[in-house]
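Asks: Structure below; questions to follow.
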Amino acid sequence: MGNILHIISSARGDASNSILLGNRIVERLQQRNPDKEVVVNNVAGQSWQWLHKELVDAYRTPSAALTSEQQALLEASDTTIAQMQEADIIVIGVPLYNFNLPAPLKAWVDHIVRPGKTVNYQDGGFVGQLTGKKVYLAIASNGIYSEGPMRPYDFAEPYLRYVLGFVGITDITTYRIEGAGLSATKETAVEKGLTSVEAI
Ligand SMILES: Cc1cc2nc3c(=O)[nH]c(=O)nc-3n(C[C@H](O)[C@H](O)[C@H](O)COP(=O)(O)O)c2cc1C
């Protein structure tokens, strides 16, 4: 039986709506799966390496040929991937920053997409290896993106759906706390988002 993995990426701590929503999703999942362990990874609290040359070279080096320096460089990626492999449900908190992912969440993505480990090249195509998992996205934004004129400008959700699909995760459901910065919706946005999770 796999864990529930909760990825947190907000810089807003206790004021965070994506953490609030993600926690509510985790609570619902725990009610249905009381025996599952919950593992929390706060990616905003880590100093990630960017995809610099040495790291990219290490990603592309067969494991038997890795130097000890390369092995050390790959530690964060190995740990992050192991967390994904050990989970069968993953809740990802996604604060919308400048219409996209916060940088630490993008760095987390850059540490789980690994050729030969989470995605293989086979018969002329890519085959994701993290199959059989369910993902819930908990997206928080001041504007409204699930419908209306801003809908095309949430680049976080389509990107995450695509890149998670690339590593084999296609069963993805989105919940949102949105409109928290708009005068017409700010009073109801949080409650509406939290209530929507009861559908789980
Ligand atoms: C740096 C920054 C950029 C933001 N960019 C957007 C944006 O592009 N669209 C939007 O609707 N809200 C934007 N917001 C508002 C956040 O999406 C909102 O505060 C949301 O609740 C963030 O999630 P969190 O509460 O989990 O941190 C931005 C906030 C910050 C701090």
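The values are calculated or read from the model by the stated rules, or taken from the named source; none is laboratory data. Quick caveat, the model's predicted, so the values are computed rather than measured. Here Cβ is always computed from backbone atoms with ideal geometry, including for glycine, and neighbour counts include all displayed protein chains. Surface accessibility is based on the protein's heavy atoms, side chains included, excluding ligands, DNA and RNA. Shrake-Rupley method; radii C 1.70, N 1.55, O 1.52, S 1.80 Å.
Asks: In the stretch 57-150, which GluC sites (Glu not before Pro) fall in coil by DSSP and have 13 or fewer other Cβ atoms within 10 Å?
Replies: When the GluC sites (Glu not before Pro) of the stretch 57-150 are filtered for loop state and at most 13 Cβ neighbours within 10 Å, E147 remain.
Asks: What net charge is computed for the residues neighbouring M1, neighbours being all others with C-beta under 14 Å from the C-beta of M1, Lys and Arg scored +1, Asp and Glu -1?
Replies: Working: positive: R32, K36, K133, K134; negative: D35, E37, E86, D88.
Value of the local net charge: 0.
Asks: How about the stretch 28-116: which trypsin sites (Lys or Arg not before Pro) there are in a DSSP loop, with at most 16 other Cβ atoms within 10 Å of their Cβ?
Replies: R60
Asks: Taking the Cα centre of the stretch 3-199 as origin, sum charge times position over the Cβ atoms of Lys and Arg (+1) and Asp and Glu (-1), and report the length of that vector in debye to the nearest 20.
Replies: 280 debye
Asks: Okay, moving on. Longest exposed-loop-site-free stretch of the chain, with chymotrypsin sites (Phe, Trp or Tyr not before Pro), DSSP loop and at most 16 other Cβ within 10 Å?
Replies: That would be 100-154.
Asks: Taking θ as phi - 60°, what are the ³J(HN,Hα) couplings along the stretch 141-151 by the Karplus curve (6.51, -1.76, 1.60), each to the nearest whole Hz, with x for Gly and Pro?
Replies: 8, 7, x, 10, 10, 6, 7, x, x, 8, 3
Asks: Per residue, how much accessible surface does the stretch 3-199 expose to a 1.4 Å probe? Answer in Å², no decimals.
Replies: 52 Å²
Asks: OK, next. When N counts the residues of the chain, how does its alpha-carbon radius of gyration compare numerically with 2.2 N^0.38 Å, as a ratio?
Replies: After normalising by residue count via 2.2 N^0.38 Å, the value is 1.06.
Asks: How large a share of the accessible area of the chain, in percent, is made up of carbon and sulfur atoms when the probe is 1.4 Å and the other protein chains stay in place?
Replies: For the chain, the apolar C and S fraction of the accessible surface comes to 50 percent.
Asks: Turning to a different aspect of this structure: Using amide H atoms built in the peptide plane, which far-off residues or other-chain residues are under 5 Å from Q46 H to H?
Replies: none
Asks: Taking amide hydrogens as modeled 1.01 Å from N in the peptide plane, which residues meet the under 5 Å criterion relative to V40, leaving out close sequence neighbours?
Replies: H6
Asks: Sequence-distant or interchain residues sharing an amide H contact under 5 Å with I92, placed H: which?
Replies: Amide H neighbours of I92, under 5 Å, 5+ apart: I7, Y136, L137, A138.
Asks: Find the centroid of the Cα atoms in the stretch 124-200 and in the stretch 14-54, then give the distance between the two in whole Å.
Replies: Taking the Cα centre of the stretch 14-54 as reference, the centre of the stretch 124-200 is 15 Å away.
Asks: Still on this model: Hey, what do the phi angles of the stretch 155-167 turn into as Karplus ³J(HN,Hα) couplings, whole Hz, using 6.51/-1.76/1.60 and θ = phi - 60°, x for Gly and Pro?
Replies: Those phi angles translate into 8, 6, 5, x, 5, 5, 4, 6, 6, 5, x, 4, 9 Hz.
Asks: Hey, another quick one. May I ask you to evaluate 6.51 cos²θ - 1.76 cosθ + 1.60, the Karplus curve with θ = phi - 60°, for each residue of the stretch 27-33 and list the ³J(HN,Hα) values in order in whole Hz, giving x for glycine and proline?
Replies: 3J(HN,Hα) across the stretch 27-33, in whole Hz: 4, 4, 5, 5, 4, 7, 10.
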